[in-house]
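Read-outs throughout are calculated quantities, based only on the coordinates presented, and are distinct from any laboratory measurement. Only a predicted model underlies this, so the values are computations on that prediction, with no experimental measurement involved. Cβ coordinates were reconstructed from backbone atoms using ideal geometry, including for glycine residues, and neighbour counts include every protein chain displayed.
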Amino acid sequence: MKKLAIISATAENWQKFESTYEADLLFDKLKNQISLFAKNTNEPWLVTSMNIGVETMAAQIALAVKEQTGLKLECVIPFEEQAKYFSEPQRDRYFGIIENCDKETLITTTKTKNSRALAVEYMVKQADIIIVGHPQSPEIEEIIENAQKPVVRLFVSA
């Protein structure tokens, strides 16, 4: 079993960005990366903490290619009420993905200042390869760098 972690901060203007040509290009690039990983790996897993943006985009891709590739999806939830900070359409997308994932992992029951870092730490430990979307906080960048695992960076201009 091999795991691919998708880690990305949510860009402030994600809602505007997600309906642009650049978002379509990002989607295609991410889909190619995920599909290649899944097709070339025995028992492939994608792990994501379900932040709105690149992470939920990757989770949707994982579900879309699941039947053709055997890819499994693990949704890592940093804290129980994560979705309450999302808009209604984002919450609907979030819960639709969670409902169809293969494994759900809750990191903390309540939101703390390090819930996100704990989720990233968990994903990095699980992962064989890491894809990083939008730039991270210095604390999370340090977790990623200290992992000493292959990292693919897909910085977006959102």
Phi to ³J(HN,Hα) by Karplus 6.51 cos²θ - 1.76 cosθ + 1.60 over segment 80-91, Hz, x for Gly, Pro:
3, 9, 3, 5, 5, 8, 9, 5, 4, x, 5, 5
State the extension gain, in nm to one decimal, for the chain segment bounded by residue 43 and residue 137, taking 0.36 nm per residue of separation less the distance between their alpha-carbons.
30.7 nm
With only helices counted (DSSP H, runs n ≥ 4, each -39500 (n - 2.57)), the per-residue ellipticity at 222 nm for the chain, to the nearest 500, works out to -14500 deg cm²/dmol
For the chain, averaging the sequence separation of alpha carbon pairs under 8 Å that lie six or more residues apart and dividing by its residue count, the contact order in percent is 29 percent
Long-range amide H contacts for residue 108: which residues qualify at under 5 Å (H placed 1.01 Å from N, peptide plane, sequence gap of 5 or more or a different chain)?
79, 80
Karplus-derived HN-Hα couplings along segment 33-49 (A = 6.51, B = -1.76, C = 1.60, θ = phi - 60°), whole Hz, x at Gly and Pro:
4, 5, 5, 4, 4, 5, 6, 9, 9, 7, 6, x, 10, 10, 10, 8, 8
At 0.36 nm per residue, and after removing the present C-alpha to C-alpha distance, how many nm does the segment from residue 68 to residue 2 gain when stretched out fully?
22.1 nm
Which of the residue pairs 31/84; 84/149; 39/149; 29/111 have a Cα-Cα distance greater than 22 Å in the structure shown?
31/84; 84/149; 29/111
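Would you mind ranking 116, 153, 93 by Cβ crowding within 10 Å, fewest neighbours first? Numbers along the way, then the final one.
Working: 116 22, 153 11, 93 19.
The most exposed by this proxy come first: 153, 93, 116.
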Which residues qualify? For residue 73, with a placed amide H closer than 5 Å and at least 5 residues away or on another chain, they are 46, 102, 103
All other residues with a Cβ under 15 Å from the Cβ of residue 148 taken together, and with Lys, Arg as +1 and Asp, Glu as -1, what is their net charge?
-3
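Compute the relative contact order of segment 63-139 as a whole-number percentage, counting only Cα pairs closer than 8 Å that sit 6 or more residues apart in sequence.
Working: 69 pairs, mean separation 26.3, N = 77.
Contact order relative to length: 34 percent.
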Contour minus Cα-Cα distance for residue 98 and residue 154 (0.36 nm per residue)
17.8 nm
Compactness summary of segment 34-155: radius of gyration and Dmax from Cα atoms, Å, are 13.9, 39
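FRET efficiency for residue 28 and residue 146, Cβ-Cβ distance as r, R0 = 30 Å, nearest 0.05? Before the final figure, lay out each step's value.
Working: r = 31 Å, r/R0 = 1.03.
According to the calculation, E is roughly 0.45.
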Based on alpha-carbon centroids, what's the gap between segment 21-66 and segment 83-158 in Å, whole number please?
13 Å
